[in-house]
Amino acid sequence: MTDEPMKVHEKRESSPGREQTTPGKTYSPDTDIYETEEALVVVMDLPGVDRGRLSVSLERDQLRVEGGIDFSAYEGLSPVYTEYNVGHFSRTFALSSKIDRDGITARIAGGVLTLTLPKSPEQQPRRIRVT
Amino acid sequence: MTSFLDPFAALQRLQQAVEESMSSRGLGGSTAGRGAHPPVNVFQRGGDILLVAELPGIDKQTLDVQIHRNHVRIAGSRSTAAPEGTSVHRRERQSGAFDRTLTVPFAIDLDAARAEHKDGILWLTLPRAEADKPRTIEVF
């Protein structure tokens, strides 16, 4: 457990690989990626995104995550003072290893998405016994 | 140079000037610790103030929200460490602790204040205390 003070960093606008058709800004979620022997794990901060507004797609080794914000929660509120912007999230990653598509699991809780992308069996390291 | 005739008045003015220079425009000298984590958005709904902060991945148990008169303190921490024995490709999510105190321009009704942490967003509803509300006095 670290107790380093957390710093504020500006949200980065995402650079969409395609033209936007929805109004409003889209931000690039902060992401951690780590790899185990069996899988690639992607952890993303998506504050304000619930299961119903999340879309994860994998197409030709391109992993795309889109998270929508429910702006209706802000209806009837008049802003007094703002320090951060609110917008949808989107980000695309190019995956280097082959993924077993059927084994992908996604879980979102408390604004954090955890994606587990199991590597296909031929990509997993094999231990060779030395005789 | 009348300002130095009364040292206490001078000190008070200095204090005010320092506070003003550090304050934000929005709430007019009412938020302390600007630039501290977490960033907040402040809204008004009727006579209430709504503080909103993005706090994804924070356990409700470690989130500490305290209200005293017109001060709100938000403190907590989170850890984003990858499990041991894994190779890390990318690390952008911050971990660490935060502690921020904000001041609103009125006394808060402590019993009616509500905090909700939903989908990684903290919504703090801060109603104005009844005793602090302006009252119309009938003129005879």
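What follows is calculated from the coordinates using simple rules that are stated; it is not laboratory data. Owing to the predicted nature of the structure, the values given are computational and were not obtained by experimental measurement. Note that each Cβ is placed from the backbone with ideal geometry, even for glycine, and that neighbours are counted across all protein chains shown.
Details
- Across the stretch B:58-140, the mean sequence separation of Cα contacts (distance under 8 Å, 6 or more residues apart), normalised by length, yields a relative contact order of 25 percent.
- Taking a Cβ cut-off of under 9 Å around A:LYS98, the surrounding Lys, Arg, Asp and Glu residues balance to a net charge of -2, with basic ones at +1 and acidic ones at -1.
- Over all pairs of different C-alpha atoms, the stretch A:55-131 has a mean inverse distance whose reciprocal, the Kirkwood radius, equals 16.0 Å.
- If you take all other residues with their beta carbon under 9 Å from the beta carbon of B:PRO38, and give Lys and Arg +1 and Asp and Glu -1, the sum is -1.
- Close amide H pairs (under 5 Å, H built 1.01 Å from N) link A:VAL112 with A:LEU46, B:GLY57, residues at least 5 positions away or on another chain.
- Close amide-amide hydrogen proximity is noted between A:TYR81 and B:VAL42, each under 5 Å apart and 5 or more residues distant or on a separate chain (H modeled in the peptide plane; Pro and chain starts excluded).
- Computed from backbone phi with θ = phi - 60° and the Karplus coefficients 6.51, -1.76 and 1.60, the 3J(HN,Hα) list for the stretch A:47-53 is x, x, 9, 10, 4, x, 10 Hz; x is used for glycine and proline.
- log10 of Debye I(q)/I(0), alpha-carbon scatterers only, for chain A at 0.09, 0.11 Å⁻¹: -0.35, -0.50
- The residues packed around B:ARG128, meaning those with a beta-carbon under 10 Å from its beta-carbon, carry a net charge of -3 if Lys and Arg are +1 and Asp and Glu are -1.
- Amide H partners (placed H, <5 Å) of A:ILE99, local residues excluded: A:SER120
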